[in-house]
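Participant: First, the structure itself, so that you have it in front of you.
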Amino acid sequence: MDVPLPHLDRPFDYLVPEALDAEAQPGVRVKVRFAGQLVDGWLLERAESSAHPKLAYLEKIVSPVPVLSPEVARLARAVADRYAGSLADVLRLAVPPRHARAEKAVTADADAPADPDAPADADARPGGRAEVDPRGWRDYPAGPALLRALTDGRPARAVWSALPGEDWAGRYADAVAATVAGGRGAVVVVADARDLDRLDAALTAVLGAGRHVRLTAADGPARRYRAFLAARRGDVAVVIGTRAAMFAPVERLGLVAIWDDGDDLHAEPRAPYPHARDVLLTRARLGDAAALVGGYARSAEAQLLVETSWAREVVADRAVVRARTPAMAPTGDDPQLARDPGAASARLPSLAWTSARDALRADLPVLVQVPRRGYVPSVACADCRTPARCPHCAGPLALPSAQGTPACRWCGRVAAAYACPECGGRRLRASVTGARRTAEELGRAFPGVPVRTSGREEVLATVPGGAGLVIATPGAEPVADGGYGAVLLLDSWALLTRADLRAGEEALRRWMAAAALARPGTAGGRVVVVADGALAPVQALLRWDSAWFAARELAERRELGFPPAVRMASVTGVAEAVSDLLDGARLPDGAEVLGPVPADEGRERMLVRVPRSRAAALAEALHAAAGQRSARKAADPVRLQVDPLVLF
């Protein structure tokens, strides 16, 4: 039943009235009477008898379309168990809301008689194409073997580290085509709409139009539901999308793939908070399918797959890496500026200034990555350097423009008469410079050069290849025609000094994603990172060796006892509720309870750590404890998250 109560997380038996016998098939949506109320539910299976002597009848079949496939139902149960959640919560993520008009249109199209004069399409179903040409996969010694395994239908598992300038969407299209040539289907998950558009175009070029569907909430409820039904009916063998596609119902699934698995957009923000990578890997294990985890940078979770031999790494030889990597150089944190006054006003170190100037003179675009959006997102007292805080809510003050009045980023209140509580000073200075302020400074430093910004307000997909400046926040970097002549990675300290377990890994991921857009080869573009070259993430960037950094990160986390080397769960709520749940949980032997630490809005957070071998026992214990609290109608809610992205 679609009831979000942990103690009701089990199947219930109902009688099927004779009038609904034909439509009451496994996978359909139903309505049943429970505790005097009419609630939604899913028909999981039919049985001849029940152990319960007295049963109620099904009230209604919402739709005769069996939208929940047996494979997805098994997967949803496994995901719920993995994340200490309820099956109903996972099914809400797995199956999009019903759109009656779209469902009616799809059913009508399916029931329409076939056109006898229409040409037969040999490629309409899996298995209609010959073996795929390895093409770009030849740059990776294990690449052609991966494609052969996919064509043969073998469950190959690979962790792919892409080269700079690589057409990753084209390589994924090759892998999908090889899977389809072997008579099986594929599911590919990407982080955002821009990546989805690139993959969509690449698959259309390789497979042809109409051979795949997109599954993303951004396409709207009708289009999303039509795509879902097309996959469920077996009309297409390939589904691509954002994290909404991780449960896509594909027949004879042969490949699950994810691009840039370290992106936090792959983590579902709704209970039970599954990560797309883990859902897809679980799916590969349950369905004996191949798995492909790829990215320019490698996450610690992907490294664990390699070190445990669950997957094989697909990397290029070092000679190929050196030939493809653009010239890279650090500047250090010493803000030595060029003699040109324009460089000083743009706060660019000398090397960064020279690289940008040379690229613009060669009529090539320049990409500038700035970690923070806005104009001046953080200000401080100009006299004593104390961070400026809102007098009402203690939120950080920011400047919206050069002539703007400081305002709170949390509550929005204007602080026109701000006075520093430490020294009484009224002058403010920028603590952090945002993308819009950077664009303004660079526009003055390079007069006459077009300046474009790409960020939260407007994300650019592509830019022309001529001289121009592109200032982008991480994840919003547009692709330049022919590649960038220079890529400047500014304010590295803002990424590296975050109070986050994944700060170094995330900084490297964002840098490599931007650096990959430069013109490839040492004679092509130039990448300048404003950071100390001795830092491990910077070293990994300069050598284009994220595998080395991921192995280092994983080793450190093993030593310190942090995910993914261990399984960790967070319990968040008011202190009494957290204590109540943990006191009632029968935690496995060896479990460590850490905390409490303050959370938001007067709540606290406790962490429970166990070895990976005890992961299932931990999830079961926390789910059972949550069920006990819901059964006795405990007033204060508690949020359970297994392996959350943010620990502290």
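The values are calculated or read from the model by the stated rules, or taken from the named source; none is laboratory data. Since the model is a prediction, treat every value here as computed from it, not as a measurement. Counting neighbours? That spans all protein chains shown, and the Cβs are built from the backbone with ideal geometry, glycine included. Note: accessible area is taken over every heavy atom of the protein model, side chains too, but ligands, DNA and RNA are not part of it. Shrake-Rupley method; radii C 1.70, N 1.55, O 1.52, S 1.80 Å.
Participant: Within segment 508-529, count every residue that is open to solvent by 30 Å² or more (accessible area, probe 1.4 Å) and either touching a Lys or Arg at 6+ places or on another chain (Cβ under 6 Å) or among the polar types (S, T, N, Q) (or both).
Facilitator: 2
Participant: With Ala145, Ala202 as the choices, which residue is under 19 Å from Val293 (Cα atoms) and touching a residue at least 24 places away in the same chain (Cβ under 8 Å)?
Facilitator: Working: Ala145 fails: touching a residue at least 24 places away in the same chain (Cβ under 8 Å).
Only one candidate passes the filter, namely Ala202.
Participant: Among the numbered criteria (1) touching a strand residue (DSSP E or B) at 6+ places or on another chain (Cβ under 7 Å); (2) modelled with pLDDT of 95 or more; (3) under 19 Å from Pro274 (Cβ atoms); (4) not polar (S, T, N, Q), which one does Leu645 miss?
Facilitator: Looking at each condition in turn, Leu645 falls short on (2).
Participant: Something else: If only one of Ser63, Ser50 is hydroxyl-bearing (Ser, Thr, Tyr), more than 28 Å from Arg283 (Cβ to Cβ) and modelled with pLDDT under 95, which one is it? Give the derivation first.
Facilitator: Working: Ser63 fails: more than 28 Å from Arg283 (Cβ to Cβ).
After ruling out the rest, the residue left standing is Ser50.
Participant: Ok, one more. Quick one: in segment 162-193, which of the residues that are open to solvent by less than 10 Å² (accessible area, probe 1.4 Å) and in contact with a Ser or Thr (Cβ under 6 Å, 6 or more places away or on another chain) is nearest to Gly262 (Cα to Cα)?
Facilitator: Going through the qualifying residues, I end up with Pro164.
Participant: Right, something else. In segment 209-228, is there at least one residue being on the phi > 0 side of the Ramachandran plot and basic (Lys, Arg)?
Facilitator: Of the residues in segment 209-228, the ones on the phi > 0 side of the Ramachandran plot are 210, 220.
Still in the running and basic (Lys, Arg): none.
No, there is no match, as no residue in segment 209-228 is on the phi > 0 side of the Ramachandran plot and basic (Lys, Arg).
Participant: Might you let me know whether segment 159-169 holds any residue that is of a type outside the set (Gly, Ala, Ser) and out of contact with any helix residue (DSSP H, G or I) (no Cβ under 9 Å at 6 or more places or on another chain)? Show your work before the answer.
Facilitator: If we filter segment 159-169 for residues that are of a type outside the set (Gly, Ala, Ser), which is where we start, we get 159-160, 163-164, 166-168.
Checking the rest, the ones that are also out of contact with any helix residue (DSSP H, G or I) (no Cβ under 9 Å at 6 or more places or on another chain) come to none.
No.
Participant: What number of residues within segment 477-528 are part of a loop (DSSP other than H, G, I, E, B), over 24 Å from Ala461 (Cβ atoms) and touching a strand residue (DSSP E or B) at 6+ places or on another chain (Cβ under 6 Å)?
Facilitator: Number satisfying all stated conditions: 1.
Participant: Now for a different question. Given the criterion under 21 Å from the mean Cα position of the chain (by Cα), farther than 23 Å from Arg233 by Cα and at pLDDT 95 or above, identify the matching residue among Arg154, Arg198. Spell out the reasoning first.
Facilitator: On the way: Arg154 fails: under 21 Å from the mean Cα position of the chain (by Cα).
None of the other options fit; the residue is Arg198.
Participant: Now for a separate question. Please specify each residue of segment 194-225 satisfying the condition of being open to solvent by 60 Å² or more (accessible area, probe 1.4 Å) and of a type in the set (Lys, Arg).
Facilitator: Passing the criteria: Arg198, Arg223.
Okay, residues lined up against (1) in contact with a Leu (Cβ under 8 Å, 6 or more places away or on another chain); (2) in contact (Cβ under 8 Å) with a residue 60 or more places away in the chain; (3) buried (at least 18 other Cβ atoms within 10 Å of the Cβ):
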| site | (1), (2), (3) |
| --- | --- |
| Ala445 | yes, yes, yes |
| Pro450 | yes, no, no |
| Gly455 | no, yes, yes |
| Asp481 | no, no, no |
| Val487 | yes, yes, yes |
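Participant: A further question follows. Those residues that are closer than 21 Å to Ala169 by Cα and open to solvent by 30 Å² or more (accessible area, probe 1.4 Å), I need them from segment 260-277; list them, please.
Facilitator: If the condition is that a residue be closer than 21 Å to Ala169 by Cα and open to solvent by 30 Å² or more (accessible area, probe 1.4 Å), then Asp264, Leu265 are the ones that fit.
Participant: State all residues of segment 389-418 that are surrounded by fewer than 19 Cβ atoms within 10 Å (Cβ to Cβ) and among the aromatic types (Phe, Trp, Tyr); if no residue qualifies, say none.
Facilitator: Trp410
Participant: Is it the case that some residue within segment 67-86 is more than 30 Å from the chain's Cα centre (by Cα) and touching a residue at least 12 places away in the same chain (Cβ under 8 Å)?
Facilitator: Step one: list which residues in segment 67-86 are more than 30 Å from the chain's Cα centre (by Cα), which gives none.
No, the conditions are met nowhere in segment 67-86.
Participant: So which pairs qualify, if the first residue must be in segment 158-187 and part of a helix (DSSP H, G or I), the second must be basic (Lys, Arg) and modelled with pLDDT of 95 or more, the Cβ gap must be under 7 Å, and the two must be at least 6 apart or on different chains?
Facilitator: Ala169/Arg198
Participant: So, Asp109, is that one part of a loop (DSSP other than H, G, I, E, B) and either at pLDDT 80 or above or more than 27 Å from the chain's Cα centre (by Cα) (or both) or not?
Facilitator: On the way: part of a loop (DSSP other than H, G, I, E, B): no; either at pLDDT 80 or above or more than 27 Å from the chain's Cα centre (by Cα) (or both): yes.
Answer is no for this residue.
Participant: Which ones in segment 434-443 are open to solvent by less than 30 Å² (accessible area, probe 1.4 Å) and over 17 Å from Asp358 (Cα atoms)?
Facilitator: Gly434, Ala435, Thr438, Ala439, Glu441
Participant: Residues being of a type in the set (Gly, Ala, Ser), without any contact (Cβ under 8 Å) to a residue 60 or more places away in the chain and over 24 Å from Thr151 (Cα atoms): count how many of those fall in segment 225-263.
Facilitator: Total satisfying the criteria: 1.
Participant: Right, another one. Give me the strands (runs of 3 or more DSSP E) completely within segment 1-96, filtered to those with at least 3 residues that are among the aliphatic types (A, V, I, L, M) and open to solvent by less than 50 Å² (accessible area, probe 1.4 Å), ordered by residue number.
Facilitator: On the way: elements: 29-34, 37-42, 58-63.
Fully inside segment 1-96 and qualifying: 58-63.
Participant: Condition test on Val293, is it more than 18 Å from Glu251 (Cα to Cα), more than 14 Å from the chain's Cα centre (by Cα) and of a type outside the set (Gly, Ala, Ser)?
Facilitator: In short, no.
Participant: I'm checking my understanding of the structure. Among residues of segment 460-474 that are touching a helix residue (DSSP H, G or I) at 6+ places or on another chain (Cβ under 7 Å) and part of a loop (DSSP other than H, G, I, E, B), which one is most open to solvent (accessible area, probe 1.4 Å)?
Facilitator: Selected residue: Ala461.
Participant: The conditions are (1) free of Cβ contacts under 8 Å to residues at least 40 places away in the same chain; (2) under 13 Å from Pro326 (Cβ atoms); (3) not basic (Lys, Arg), and Thr497 fails exactly one of them. Which is it?
Facilitator: Among (1) free of Cβ contacts under 8 Å to residues at least 40 places away in the same chain; (2) under 13 Å from Pro326 (Cβ atoms); (3) not basic (Lys, Arg), Thr497 violates only (2).
Participant: For segment 363-377, how many residues are modelled with pLDDT of 95 or more and either in contact with a helix residue (DSSP H, G or I) (Cβ under 8 Å, 6 or more places away or on another chain) or of a type in the set (Lys, Arg) (or both)?
Facilitator: Number satisfying all stated conditions: 3.
Participant: Can you name every residue in segment 229-285 that is under 18 Å from the mean Cα position of the chain (by Cα), charged (D, E, K, R) and over 30 Å from Ala100 (Cβ atoms)?
Facilitator: Of everything in segment 229-285, those that are under 18 Å from the mean Cα position of the chain (by Cα), charged (D, E, K, R) and over 30 Å from Ala100 (Cβ atoms) turn out to be Asp260, Asp261, Asp263, Asp264, Arg277, Asp278.
Participant: Does Glu576 meet the test of being out of contact with any strand residue (DSSP E or B) (no Cβ under 9 Å at 6 or more places or on another chain) and over 28 Å from Val321 (Cα atoms)?
Facilitator: Working: out of contact with any strand residue (DSSP E or B) (no Cβ under 9 Å at 6 or more places or on another chain): yes; over 28 Å from Val321 (Cα atoms): yes.
When the stated conditions are applied, Glu576 passes them.
Participant: Go through (1) in contact with a strand residue (DSSP E or B) (Cβ under 6 Å, 6 or more places away or on another chain); (2) free of Cβ contacts under 8 Å to residues at least 40 places away in the same chain one by one and return the number of the condition Phe12 breaks.
Facilitator: (1) is the only condition that Phe12 fails.
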